[in-house]
Structure formats: C-alpha cells, structure tokens
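Worksheet for the structure shown next.
Nothing in this text is a laboratory measurement; each read-out follows from the coordinates by a stated rule. Predicted, not measured: the structure shown is a model, and the values here were computed from it. As a convention, Cβ positions derive from the backbone with ideal geometry for all residues, glycine included, and neighbour counts pool all protein chains shown.
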C-alpha cells in the first residue's frame with residue numbers, strides 16, 4: 001500500500017510538473033503572438049499636418065458614421081466611454097476601451113496617426129495587433145470619411161470610466177497558440193491600393209460602400225449568401241441577402257421596417273447579433289442605397305459565400 005501511495009504521489013508530481021511546463025509554453029507562445037508587431041505603410045491621412053477638419057458638416061458626418069454606420073458604439077458604448085463587450089471566463093475578456101479624453105480614456109493621448117493606424121490597420125502605437133477591432137472592414141473607409149470620424153472622435157465629450165483591458169484566459173491562450181482563435185486583426189486586415197470616395201446618395205455604388213464599411217460582408221459573406229457565422233455555437237446562420245434569399249421579396253417599406261425594428265414582415269424577430277439597432281439609424285437614402293445594392297448582387301444558394 002505504501003509503495004502504491006508513493007507511486008501515485010510521484011505520478012501526480014510528474015503530472016503537475018508537466019502541466020506547469022505546458023502552461024508556461026502556452027503562455028510564452030501566445031505572448032509571442034500577441035507581442036508580434038506589424039509595420040504600417042506611410043498613410044497620407046496619418047501623416048497630414050494639423051488636426052482633422054472641425055467644421056460643422058465634417059463633425060456631423062463623423063458622428064453619423066460612428067453611431068449609425070460603422071457600429072463603433074456596439075463595442076465602445078453609446079457614449080464611447082468604453083464597456084465590457086464579452087466576459088468569457090477562462091476564454092478571456094473582450095472590452096471596448098474608453099475613446100474619450102476622460103479618466104481612463106485613450107483620447108487624451110491619441111494622435112491623428114494613432115487613430116488612423118488603429119482604425120484602418122488594426123495596430124496600436126507600438127505596432128502590436130488590436131483584438132476583435134473590425135479593421136478589416138474599416139480598411140475600406142475613404143479618406144474624407146475617415147478624417148470625419150477622427151475629427152469627431154478627437155472632440156468627444158470626456159467620460160470618466162476605467163475599463164479593464166482585453167485579456168486572454170488559459171483556454172483563450174491555448175486556442176490562440178493552436179491557431180484556433182482568429183481574433184488578432186492586423187494580420188487579416190487588407191490594404192487596398194485605393195479607397196475611392198463615394199458620393200452619398202440613393203445609388204448602388206453608395207449602397208455597396210455602406211455594405212463594405214458597416215460589416216455586412218463579415219457575417220453574410222462577400223457573396224452575401226449567408227451561412228455559418230463565427231461566434232457562439234448557438235448563433236443562427238446569417239441570412240441569404242442575394243436575390244434568392246427570402247428578404248429579396250420584401251418591399252422597400254418592409255426592408256426599412258426590419259432594419260429599424262428588428263422584425264421581419266412575418267413577425268419573427270431578427271437575432272440581436274445582427275446590429276439592427278445601430279444600422280437602423282441610417283438615413284432613408286442610405287437604406288434605399290443598401291437595398292439597391294443587395295438587389296444588384298448575383299443570386300446565390302444560401303451558404304455559398
């Protein structure tokens with residue numbers, strides 16, 4: 001019996017050493033990924049001298065883009081003072097930081113280049129990648145619109161709020177090390193050769209631009225045919241938005257009502273994962289442009305992204 005006890009104790013000791021060593025390796029490898037830096041190309045908007053334009057029209061445009069199109073308020077809160085977006089226990093915690101100049105905010109120290117690099121390229125001042133930040137979407141925002149966004153963010157009313165930084169738990173670090181957690185944004189953010197300005201209006205071109213910068217393609221696919229969405233396993237599949245999807249049969253009034261109330265014409269509720277509460281703030285012309293664009297894309301079977 002004593003021999004068995006000694007053997008079990010030794011085995012448990014070895015197991016403990018292996019677990020500690022494994023945890024150390026996982027931490028080191030995950031930290032290496034988190035500390036990797038990504039060079040940012042020279043960007044004329046980031047390098048422009050002086051503050052972003054601050055005329056009333058520019059600030060109004062920036063406010064509209066931030067609160068109704070690019071869904072910044074989804075992660076950073078309606079006052080953009082930051083909030084915890086998801087607390088997943090051993091997976092980790094995802095928080096949208098305070099963007100204002102208040103206590104705990106980034107706005108007090110951010111330069112124009114910091115804003116541009118974070119939004120357009122998904123990198124911090126030290127070159128490391130941001131987490132979850134949808135820079136792969138914002139990479140397509142035109143220079144005038146990004147300048148308007150920066151001007152608005154740079155003049156936010158201060159909010160005093162300390163928000164904990166995004167962090168990874170042991171499970172999250174293990175998945176990150178194994179390449180199963182694709183939430184570092186810098187390596188997957190495109191760098192288009194040009195970002196042409198699209199004149200706002202009820203046109204197909206502007207509808208496509210809105211779809212590009214609001215994240216429609218992120219969930220519904222670049223073919224907009226819907227299907228499985230990256231996220232919690234109980235999420236319903238994204239709808240097919242092409243002319244073969246059921247929403248193609250909706251009237252314009254039904255489409256606008258669904259975007260603004262979260263209810264389909266048959267009375268069923270659109271899942272809250274779809275940010276209709278924010279995107280429903282688009283103007284009538286913007287929703288019309290978006291619908292024109294959706295009607296123009298090639299029809300595809302559902303899930304054939």
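Before moving on, here are some points about what is shown:
- Folded to 0 to 90 degrees: helix 252-261 orientation relative to the chain principal axis, Cα: 40
- Per-residue ellipticity at 222 nm computed for the chain from its helices equals -11500 deg cm²/dmol, with DSSP H segments shorter than 4 residues left out and the rest contributing -39,500 (n - 2.57).
- With Cα atoms, 0 to 90° folded angle of helix 2-34 axis to the chain main axis: 30
- Among 266, 87, 212, residue whose mean-square fluctuation peaks in a GNM of the chain (springs only between Cα atoms under 10 Å): 266
- Shape analysis of the range 204-296 places it in the rounded category; the axes a ≥ b ≥ c from the Cα gyration tensor give an a/c below 1.5.
- Likely footprinting exposure, 222, 121, 293, 85, fewest C-beta neighbours within 10 Å first: 222, 85, 293, 121
- Rounded to the nearest 10 degrees, the inclination of helix 284-296 to the longest alpha-carbon principal axis of the chain is 80 degrees.
- Relative contact order %, the chain, counting alpha carbon pairs below 8 Å whose residues are six or more apart: 19
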